[in-house]
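Single-structure report; data block below.
The values are calculated or read from the model by the stated rules, or taken from the named source; none is laboratory data. Keep in mind that what you see is a predicted model, and the values were worked out from it rather than measured. Backbone-built Cβ (ideal geometry, glycine too); neighbour counts: all protein chains shown. Heads up: the accessible areas ignore ligands, DNA and RNA and are worked out on the full protein's heavy atoms, side chains in. Shrake-Rupley method; radii C 1.70, N 1.55, O 1.52, S 1.80 Å.
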Amino acid sequence: MSEDRSASPLRIVVFGAGSVGCRLGGALSAVAEVTLIGRPAAMAELDRVGLTLTGPGDRRLRARPGTAVDASAAAGADYVLVTVKSSDTAEAARELAPHLDERSTVISFQNGLHNARLLAEGLPGRRVLAGMVPFNVVRTGPGAFHQGTDGRLMLERADTAERFAAVSEAAGLPVELRGDMPQVQAAKLLLNLNNAVNALSGRPLREQLGSRPYRLVLARCQREGLAALRAAGLVPARLGPVPASWMPAVLRLPDGLFRRLAAASLRVDAQARSSMWEDLQRGRRTEVDELQGEVLALAARHGLAAPANRRLLELVREAESAPTPPSWSGPELLAALDTRAQ
């Protein structure tokens, strides 16, 4: 006789519990049985001090979800949220495969276009759904994670998605079920092209987005991204007040006009930074290959050039091995787009 899990508390595992994973798992632990799986040092820190989650305004939450360092802790989970970096997705599937049965639903809450497919290929017979996290989260201290912007999680519409959405809503994480996740992920890719700009600037997101030279860099990257996506037959979803195809033009506006027309883009708190900035600060590998690199791969496949994205990729790779994190001014970074790496 198969086990009936419907009457039991929902069991959720977060595999790859970094900043985003801790934010999701910490919130969900208020309404479900949650286990975070992550690096030994990070999990030991959480066992010692617990989780402190802060957000825009005065939101503050303390939580103590369960922790583990091995994929075997995912056995029997109703939902497994995968939040590893895109480059680690195939390995995540290999580690999880021996421990998941057909009753578990795997959700990819990752950047990039291909992670749900990679998980599905590595986890045959399991239900895998694509998801999207719209907000940024950075670690601000031991066990402390700050969400700098708002937004609704987006999740592929499916029968098993509805129960997760209901529980997530109860945890204060609103979810929008979508039937167009490839288009949603394409739009998020365009937004995430700013991660490299923000990381190289060394500045908070609000300050960086408020400066036209930085926006001109992003506009060039997004224009190349839109061309590559268009060539691939992928039309980005509209995620905000401005259609994706209009974004480069809006970014090029003078500062005063941009602030008036794109106020929502600047509605971020003073602590908000990109995850790539945090990676460079902590000497970790970034996801630039899955962001700027994705645009380059799409462009090359269709005979297009993407020089702005190529140059930012080069600069981030240089910064990954630099002794100190970068701090490019807007004019310097804009000029660097036209300077090839030596």
Name the helices (runs of 4 or more DSSP H) wholly inside the range 280-337 in which the number of residues that are touching an Asp or Glu at 6+ places or on another chain (Cβ under 7 Å) is 2 or more. 292-301, 307-320
What tally of residues in the range 51-85 results from selecting those that are polar (S, T, N, Q), open to solvent by 30 Å² or more (accessible area, probe 1.4 Å) and touching a Gly at 6+ places or on another chain (Cβ under 8 Å)? 1
Any residue in the range 231-252 that is closer than 20 Å to N309 by Cα, among the hydroxyl-bearing types (S, T, Y) and either part of a loop (DSSP other than H, G, I, E, B) or open to solvent by 50 Å² or more (accessible area, probe 1.4 Å) (or both)? yes
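In the list G38, G18, which residue meets the criterion of being out of contact with any strand residue (DSSP E or B) (no Cβ under 7 Å at 6 or more places or on another chain), modelled with pLDDT under 95 and within 21 Å of E91 (Cα to Cα)? Working first, answer last.
On the way: G38 fails: modelled with pLDDT under 95.
After ruling out the rest, the residue left standing is G18.
Here is a list: S201, S104. Which entry is out of contact with any Pro (no Cβ under 7 Å at 6 or more places or on another chain), open to solvent by less than 20 Å² (accessible area, probe 1.4 Å) and in contact (Cβ under 8 Å) with a residue 60 or more places away in the chain?
Answer to the selection: S201.
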For the range 192-210, which residues satisfy the criterion of being more than 11 Å from G330 (Cα to Cα), part of a helix (DSSP H, G or I), hydrophobic (A, V, I, L, M, F, W, C) and at pLDDT 95 or above? A196, A199
Looking at (1) farther than 12 Å from L239 by Cβ; (2) open to solvent by 20 Å² or more (accessible area, probe 1.4 Å); (3) in a helix (DSSP H, G or I); (4) touching a residue at least 40 places away in the same chain (Cβ under 8 Å), which is the only condition E169 fails? (4)
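Residue-by-condition table, conditions (1) closer than 21 Å to A231 by Cα; (2) buried (at least 21 other Cβ atoms within 10 Å of the Cβ); (3) within 16 Å of the chain's Cα centre (by Cα):
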{"position": "L261", "(1), (2), (3)": "no, no, no"}
{"position": "A270", "(1), (2), (3)": "no, no, no"}
{"position": "S274", "(1), (2), (3)": "no, yes, yes"}
{"position": "R284", "(1), (2), (3)": "no, no, yes"}
{"position": "E290", "(1), (2), (3)": "yes, yes, yes"}
{"position": "L304", "(1), (2), (3)": "yes, no, no"}
{"position": "E314", "(1), (2), (3)": "no, no, no"}
{"position": "A319", "(1), (2), (3)": "no, yes, no"}
{"position": "P326", "(1), (2), (3)": "no, no, no"}
Of all residues making up the range 69-94, the number that are farther than 15 Å from R117 by Cα and without any contact (Cβ under 8 Å) to a residue 40 or more places away in the chain: 4
Selection over the range 142-152 where residues are open to solvent by less than 40 Å² (accessible area, probe 1.4 Å) and in contact (Cβ under 8 Å) with a residue 60 or more places away in the chain yields a count of 7
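What about L129, is it surrounded by 21 or more Cβ atoms within 10 Å (Cβ to Cβ), not small (G, A, S) and not in a loop (DSSP other than H, G, I, E, B)?
Spelling it out, L129 is indeed surrounded by 21 or more Cβ atoms within 10 Å (Cβ to Cβ), not small (G, A, S) and not in a loop (DSSP other than H, G, I, E, B).
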